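The values are calculated or read from the model by the stated rules, or taken from the named source; none is laboratory data. Since we're looking at a predicted model, the values are computed, not measured. In this analysis, Cβ positions are derived from the backbone assuming ideal geometry, glycine residues included, and neighbour counts consider all displayed protein chains. The protein model used for the area step is the full one, side chains on, heavy atoms only, and it has no ligands, DNA or RNA in it. Shrake-Rupley method; radii C 1.70, N 1.55, O 1.52, S 1.80 Å.
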Amino acid sequence: MRQYLNWKTYLALIALFIVGASLYYTNQLAAKLADEEKKKVEELAGALKTLVKSKNDQETAFASTIITQNTTIPLIVTDEKLGIIDSRNIDTLHSLNSHNVVAEKLAEFKHLHPPIPADYGTGVNYVYYGESYLLTQLRYFPYVQLAIIMLFLAVVLVALSAANRSLQNQVWVGLSKETAHQLGTPLSSIEAWLELLREENPNSEAAIEMQKDLDRLKLVADRFSKVGSAPQLGEENLVTRLQGMVEYMQKRTPKKIIISLHHTEAEIPVNISGPLFDWVMENLIRNALDAMAGEGKIDITVINQPQQVLVDVQDNGKGIPSYAVKRVFTPGFTTKKRGWGLGLSLSRRIIEKYHHGSIFVKQSEVGKGTTFRIILRR
């Protein structure tokens, strides 16, 4: 239960308690006001009876006062056959057919309250009544209050989420720049040793490959140093970019794992930041390698469409459990025994924030493999 009881849950529970208490108290007030209005209508029905039957001037004057003082409760007086005799406090000024308006109100009042009879001895009239404007407002007040509280909660949650994201971004930027700074010294030292190795054997294949790895490390350090600043996007041939990545990774992959690139066009121009896009692809390929026990295949498929370009990275590794699919892009989440769980989180940030595209798990099945899809919009 504790994983569900966070501060947002407590905030929602407090809001629900406030609304519930307000509903209860408001309903109590509305019930009391409704009883008071019923008593007033009963007094008014008695006053109508007095006007008809009494011959005492004082009684009729008092009854008239009771009737005229009712300026809030809408009511309709009918005969025994429900013919409308009189109506009070019903707005018919803006209607072309006031009789229809009163008839509609009569049908409404029948569902609200039972009529109050006024027996004159020779006949019975019925007083149908509705609710005053004040009582109607009181009944709707809790729902207005609920809407205001929910709006307030939404604003608070959005503000807190924005502040949290801002704090995370500051941590990312600080950590990335410090990492780039720390990588600088050993890279300079490795480059010096590599120069000595070249002097002894200029055509050494090992020196050539070490230079590629050194360039890659420099690129990684450069990427980290630029985290937090907007990258410059430029038009590049996506196929060429992916071919370079496949060739680089294939040489550093176990021989029983084959990385293949599939495409139907030799030229697919897209606006990307090459180094950052390479970072994303390298992350996806390394995750695929980690999911395979030293044997299998990785297929990278490029699908060119008029409005977008799709890049699928498919492996036949161990797959991702269904409970973890929605969490793989969460910072710190990982299914591996090693690693910080930041690779896919950074990949999503690069694709969505910098390239305005999307990246997601297209398909995954335990024991059969996983397919990640990148969408680059034109």
Open item on the list: With θ taken as phi - 60° and the coefficients 6.51, -1.76 and 1.60, list the Karplus ³J(HN,Hα) couplings across the stretch 293-298 in order, rounded to whole Hz; mark glycine and proline as x.
Closed with: 8, x, 7, x, 8, 10
Task: Label assignment, Kirkwood radius over Cα pairs in Å derived from the structure, set [x] 28.5; [y] 20.3; [z] 22.2 - done: [x]
Open item on the list: What does the net charge come to around T371 if you take all other residues with beta carbon closer than 15 Å to its beta carbon, with K and R at +1 and D and E at -1?
Closed with: +1
TODO: Give the accessible surface of the chain per residue, rounded to a whole number of Å², with probe radius 1.4 Å and ligands, DNA and RNA excluded.
DONE: 62 Å²
Task: Solvent exposure ordering (accessible area, 1.4 Å, most first) of H355, H262 - done: H262, H355
Task: Neighbourhood charge, 13 Å Cβ-Cβ cut-off, centred on N237 and excluding it, Lys, Arg +1 and Asp, Glu -1 - done: -3
- [ ] Quick one: net charge around K256, please, counting Lys, Arg +1 and Asp, Glu -1 for every other residue with C-beta under 11 Å from its C-beta.
- [x] +1
Task: Solvent-accessible ranking of Y10, Y24, Y126, largest area first, probe 1.4 Å - done: Y24, Y10, Y126
TODO: Extending each Cα 7 Å along its Cβ direction at N27 and S358, get the distance between those two points in nm, one decimal.
DONE: 4.3 nm
Open item on the list: Of the candidates L233, L276, L196, which one comes out as most mobile in a Gaussian network treatment of the chain with C-alpha springs shorter than 10 Å?
Closed with: L196
Task: Accessible area of the chain belonging to carbon and sulfur atoms, whole % at 1.4 Å probe - done: 57 percent
- [ ] At a 1.4 Å probe radius, which order do I90, I374 fall into by accessible area, largest first?
- [x] I90, I374
TODO: Starting from the Cα of K49, draw a straight line to each of the lysines and keep only those under 30 Å, dropping any in the same chain fewer than 8 residues away.
DONE: K32, K38, K39, K40, K81, K105, K110
- [ ] Report relative contact order for the stretch 134-277 in percent, whole number only (criteria: Cα-Cα under 8 Å, sequence separation at least 6).
- [x] 24 percent
Open item on the list: Need one value: the accessible area of R139 in square angstrom, 1.4 angstrom probe, rounded to the nearest 10.
Closed with: 90 Å²
Open item on the list: Quick check on my link table: of K326/K353; K212/K318; K256/K353; K177/K297, which ones sit more than 29 Å apart, alpha carbon to alpha carbon?
Closed with: K212/K318; K256/K353; K177/K297
TODO: Just read off the accessible area of T185 with the full protein assembly in place, 1.4 Å probe, to the nearest 10 Å².
DONE: 100 Å²
Task: Partner aspartates and glutamates for K368 [C-alpha distance under 17 Å; skip if fewer than 8 residues away on the same chain] - done: D290, E295, D299, D312, D315
